[in-house]
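This structure is in structure tokens; I'll ask about it shortly.
The values are calculated or read from the model by the stated rules, or taken from the named source; none is laboratory data. Everything numeric here is computed off the predicted structure, so don't read it as measured data. Note that we place each Cβ from the backbone using ideal geometry, even for glycine, and neighbour counts take in every protein chain shown. The accessibility values were calculated without ligands, DNA or RNA, using every heavy atom of the protein model including side chains. Shrake-Rupley method; radii C 1.70, N 1.55, O 1.52, S 1.80 Å.
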Amino acid sequence: MKQQDKGTDGPAVFKIGRLGKAHGVKGELTMMFDDDVFDRADADYLFLEVDGLLVPFFIEEYRFRSDTTALIKFEDVDTQHRARELTGCDVYFPYALVPDDEEESLTMSFFVGFDIVDADTGDCVGSITAFDDSTANLLFELTDGRLLPAHHSLIAAIDKGKRQIAMHIPPGLLSL
């Protein structure tokens with residue numbers, strides 16, 4: 001599965017899930033998520049991608065149905081018809097609202113848009129545009145299409161403020 005960052009064309013956000021079908025008649029929606037940061041951080045709103053634009057929606061309430069599904073109700077979405085209009089929208093969370101102490105529990109989608117810096121030379125080798133978790137080895141995909149293993153032993157430091165990951169890159173890896 002690949003995750004894309006939406007931080008370059010608007011607010012700096014990362015994808016946390018997708019809205020499913022309407023639930024009931026009062027505007028609730030099923031949300032499938034792969035990061036429950038919206039529950040761990042103090043956020044009053046989420047961004048939904050509506051017709052290609054990121055639109056903030058204020059959360060009225062939510063409740064978990066499972067480890068990967070929640071029922072969510074947004075302000076001003078009060079009918080089943082209005083909820084159906086949002087079915088299929090991708091859900092994004094603002095980087096700025098992630099508490100500093102949450103860094104260890106973040107999903108990989110948080111890091112899409114970060115620059116990879118060679119820890120030995122200080123050179124920027126590219127930005128993470130996606131990640132690939134379809135194999136046993138998680139990979140960062142860079143802007144030029146190169147892949148880097150996202151293994152903890154290669155990561156020297158993470159600077160959330162600068163949106164950078166310093167990595168020890170084995171010689172020759174970038175020329176493959």
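Could you please state how large a percent of the accessible area of the stretch 22-67 is carbon and sulfur, counting protein chains only and using a 1.4 Å probe? Working shown, then result.
Working: 1290 of 2670 Å².
Using a 1.4 Å probe with all protein chains present, the stretch 22-67 comes out at 48 percent carbon and sulfur.
Work out the count of Lys pairs in the chain where the Cα-Cα distance is under 16 Å, with the pair 8 or more places apart or on different chains. Kindly include the intermediate steps, with their values, before the conclusion.
Values: 2/15; 6/15; 21/73; 26/73.
Lysine pairs meeting the criterion: 4.
Leaving out ligands and nucleic acids, and using a 1.4 Å probe, what accessible area per residue does the chain come to in Å²?
Working: 9350 Å² over 176 residues.
Here the per-residue accessible area is 53 Å².
Name the residue, out of 159, 51, 34, whose mean-square fluctuation peaks in a Gaussian network model built on the chain with Cα pairs under 10 Å.
51
Tally Lys and Arg at +1 and Asp and Glu at -1 over the other residues with C-beta under 11 Å from the C-beta of residue 27: what net charge comes out?
-3
Here's something else I'd like to know. With a point put 7 Å past each Cα toward its Cβ, work out how far residue 65 is from residue 123 in nm, to one decimal.
My value for the distance between the label points is 5.0 nm.
Remind me, relative contact order of the chain in percent, using alpha carbon pairs under 8 angstrom and six or more residues apart? Could the numbers behind the result be given before it?
Details: 360 pairs, mean separation 38.7, N = 176.
Across the chain, relative contact order equals 22 percent.
Which value, in Å² and to the nearest 10, is the accessible area of residue 26 when all protein chains are kept and the probe is 1.4 Å?
Surface accessible to solvent at residue 26 totals approximately 150 Å².
Looking at the chain as a GNM with Cα springs under 10 Å, which of 130, 156, 83 has the largest mean-square fluctuation?
156
Read phi for every residue in the stretch 126-143 and hand back ³J(HN,Hα) as whole Hz from Karplus 6.51 cos²θ - 1.76 cosθ + 1.60, θ = phi - 60°, with x for Gly and Pro.
So the Karplus estimates, Gly and Pro as x, are x, 10, 6, 9, 6, 9, 10, 10, 7, 10, 5, 9, 5, 10, 8, 9, 8, 4 Hz.
Can you tell me the mean projection area, over all orientations, of the convex hull of the chain's alpha carbons? Units nm², please.
Working: hull surface 42.8 nm².
Quarter of the Cα hull surface area: 10.7 nm².
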